[in-house]
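First, the structure itself, so that you have it in front of you.
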Amino acid sequence: MRSSEKLEVGAKVDLNFTILADEVETLSGVGEVVRVQESPPGYAVEFSSLSQSSMLLIEALVADYGNKL
């Protein structure tokens with residue numbers, strides 16, 4: 001994740017991003033910064049809560065990926 005603000009480990013962030021599944025889908029929820037990377041600049045974020053629709057989408061994507069293995 002990238003941000004115009006400097007974030008520290010432990011910071012809570014609102015997440016809204018799109019992925020390309022069968023269609024363009026938007027995921028939303030809350031996450032926590034678990035790692036700060038200087039080069040290239042960015043952050044690792046762990047989901048702490050997701051909207052119901054986002055959780056269902058992730059479960060479907062993981063199941064579909066597992067079926068392709």
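The values are calculated or read from the model by the stated rules, or taken from the named source; none is laboratory data. On a predicted model such as this, the values are computed, not experimentally measured, just so you know. When we count neighbours, we look across all protein chains shown, and the Cβ atoms used for this are built from the backbone with ideal geometry, even at glycine.
With the requirement that a residue be surrounded by fewer than 14 Cβ atoms within 10 Å (Cβ to Cβ), among the hydrophobic types (A, V, I, L, M, F, W, C) and not in a helix (DSSP H, G or I), what does region 13-69 give you?
Residues satisfying the conditions are PHE17, ILE19, LEU20, ALA21, VAL24, VAL34, ALA44, LEU69.
Condition first: over 18 Å from GLU59 (Cα atoms) and at pLDDT below 95. Now tell me which residues in region 9-35 satisfy that.
Step one: of region 9-35, the residues over 18 Å from GLU59 (Cα atoms) are 9-14, 32-35.
Matches in region 9-35: VAL13, ASP14.
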